[in-house]
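A short write-up of the structure that comes next.
The values are calculated or read from the model by the stated rules, or taken from the named source; none is laboratory data. All values derive from a computational prediction rather than experimental measurement. Note that each Cβ is placed from the backbone with ideal geometry, even for glycine, and that neighbours are counted across all protein chains shown.
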Amino acid sequence: MERRVYGYVNGKAVYSADEFRYEARGFGAIENDEELLAFAEKVTGGWYDAGWKRTFITYYLSDYALSEPYASLTRSEFNRLKELQAEARAEEKRIEEAKEWKYVETIYWADNSEEEVWVNKYGEEKLIMVVGPHGDIC
């Protein structure tokens, strides 16, 4: 019985989605997390998206068929990448909570934007934009 062809890469028949990804990118399965992160960073142009340089934590991992890194990874590799991102986000959140941020004040700017001032236990200050700049209703 003849196997059903999944697709073609440079004229070569492949028989599964995983084989298609391997053939298209030129190498087989990614074996460890370090390789996975390095490859994903490479195909996204250094976590570059929509004109903005992101970090692994802030990069949106879309499962749209043409989005990178989804288009270059197998389903299991992409799911592992999402797990790694969730773990990294949880660690970042834990670190931020340990800093014990305290609200100081809200600044109301002339462009109708609002920013909150926060200070942590180390004296570091951060500004959070609560309302973006916008015009008046009138």
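A few remarks follow.
- Pairs where the first residue, in the stretch 1-17, is surrounded by 10 or more Cβ atoms within 10 Å (Cβ to Cβ) and the second is part of a loop (DSSP other than H, G, I, E, B) and of a type in the set (S, T, N, Q), C-beta under 6 Å, 6+ apart: Y6/S16
- In this entry, E105 passes the filter for residues that are closer than 30 Å to M129 by Cα, over 18 Å from the mean Cα position of the chain (by Cα), surrounded by fewer than 16 Cβ atoms within 10 Å (Cβ to Cβ) and modelled with pLDDT of 95 or more.
- Selection status of A98, surrounded by fewer than 11 Cβ atoms within 10 Å (Cβ to Cβ) and at positive phi: no
- Condition check for R89: loosely packed, with under 14 Cβ neighbours inside 10 Å, out of contact with any strand residue (DSSP E or B) (no Cβ under 7 Å at 6 or more places or on another chain), of a type in the set (K, R) and free of Cβ contacts under 8 Å to residues at least 24 places away in the same chain: no
- Test result for F78, in contact with a strand residue (DSSP E or B) (Cβ under 9 Å, 6 or more places away or on another chain), without any contact (Cβ under 8 Å) to a residue 24 or more places away in the chain and surrounded by 13 or more Cβ atoms within 10 Å (Cβ to Cβ): no
- Selection of the stretch 18-44 for residues being farther than 17 Å from R75 by Cβ, in contact (Cβ under 8 Å) with a residue 12 or more places away in the chain and not aliphatic (A, V, I, L, M) yields E41, T44.
- Residue that is hydrophobic (A, V, I, L, M, F, W, C), surrounded by fewer than 12 Cβ atoms within 10 Å (Cβ to Cβ) and within 30 Å of P133 (Cβ to Cβ), where the choices are W52, W118: W52
- Selection count, the stretch 46-105, where residues are assigned to a loop (DSSP other than H, G, I, E, B) and polar (S, T, N, Q): 5
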